[in-house]
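Enquirer: After the structure tokens below, expect a handful of questions from me.
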Amino acid sequence: MTSHKTAPETMEETDVIDLLLAQHAMIRDLFDEVEEAPADRRGEAFTRLVRLLAVHETAEEEIVHPFARRKIDGGDAVVDDRLAEENQAKQLLTRMDSAGPEAQDFMANLRKLRTDVEEHARSEERYEFIQLRAHTSEAERRAMAAGVKAAEAMAPTHPHAGTESATKNLLVGTPIAMMDRVRDVIRQATGKSH
């Protein structure tokens, strides 16, 4: 397994669209990993998937979507549609997390989650990312990529050895709690208020 699979902030892409597309591929790879994992290791792979989804989606919500609202044609409607898709996936993710990977319907729910997440990613790519690339400068996309990477670096997708317990504990608990903590870190880092 390559290190960028669990450390998206170390990715080399400097354009936010390229970065997000690469992360979509990383998410697909992690779905494969969860699906292929033996039952006794499925929980660990699922936890990494949940953490990556939490960091990725929250960074999009806090950094990319607000920019898209202002910059692209029909930005409010495009972003509202993406947020509705994300909310649906978060609800399923929360149910799966509560039931655990041992649940009888885990694999069926995982397939449904994967379908929802992949459809959401395709919609972002088709309706948001293409327009964002067309209506932003290279400098704006580089700045957004730096913001996404900084946010992801402060909200690691896995605990790093030797770090303080607050960082280690940032991404534990329910998926919604993880997303809330990531959102708080991003807002603190970017100087945004709640």
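Enquirer: Examine the stretch 122-138 for a residue that is assigned to a loop (DSSP other than H, G, I, E, B), modelled with pLDDT of 90 or more, open to solvent by less than 20 Å² (accessible area, probe 1.4 Å) and more than 24 Å from ARG28 (Cβ to Cβ), and state whether such a residue exists. Give the steps one after another, and end with the answer.
Expert: Keep residues of the stretch 122-138 that are assigned to a loop (DSSP other than H, G, I, E, B), which gives 135-137.
Now drop any that are not modelled with pLDDT of 90 or more, which leaves 135-137.
Filter again for open to solvent by less than 20 Å² (accessible area, probe 1.4 Å), leaving 136.
Still in the running and more than 24 Å from ARG28 (Cβ to Cβ): 136.
For the stretch 122-138, residues assigned to a loop (DSSP other than H, G, I, E, B), modelled with pLDDT of 90 or more, open to solvent by less than 20 Å² (accessible area, probe 1.4 Å) and more than 24 Å from ARG28 (Cβ to Cβ): present.
Enquirer: Continuing with the same structure: Only one of (1) in a helix (DSSP H, G or I); (2) touching a residue at least 40 places away in the same chain (Cβ under 8 Å) fails for THR115. Which number is that?
Expert: Only one criterion in (1) in a helix (DSSP H, G or I); (2) touching a residue at least 40 places away in the same chain (Cβ under 8 Å) is unmet by THR115, namely (2).
Enquirer: Here's a check for you: in the stretch 95-106, which residue that is small (Gly, Ala, Ser) and either under 19 Å from GLU119 (Cα atoms) or not in a loop (DSSP other than H, G, I, E, B) (or both) is modelled with the lowest pLDDT? Outline the logic, then answer.
Expert: Looking only at the stretch 95-106, we keep the residues that are small (Gly, Ala, Ser), and these are 98-100, 103.
The next check asks that each one be either under 19 Å from GLU119 (Cα atoms) or not in a loop (DSSP other than H, G, I, E, B) (or both); those that pass are 98-99.
Details: SER98: 86, ALA99: 90.
Restricting to residues being small (Gly, Ala, Ser) and either under 19 Å from GLU119 (Cα atoms) or not in a loop (DSSP other than H, G, I, E, B) (or both), the top hit is SER98.
The values are calculated or read from the model by the stated rules, or taken from the named source; none is laboratory data. Just so it is clear, the model here is predicted, and its values are computed rather than measured. With ideal geometry, Cβ positions are generated from the backbone for all residues, glycine too; neighbour counts draw on all protein chains shown. Side chains are part of the model used for accessible areas, which takes the heavy atoms of the whole protein and leaves out ligands, DNA and RNA. Shrake-Rupley method; radii C 1.70, N 1.55, O 1.52, S 1.80 Å.
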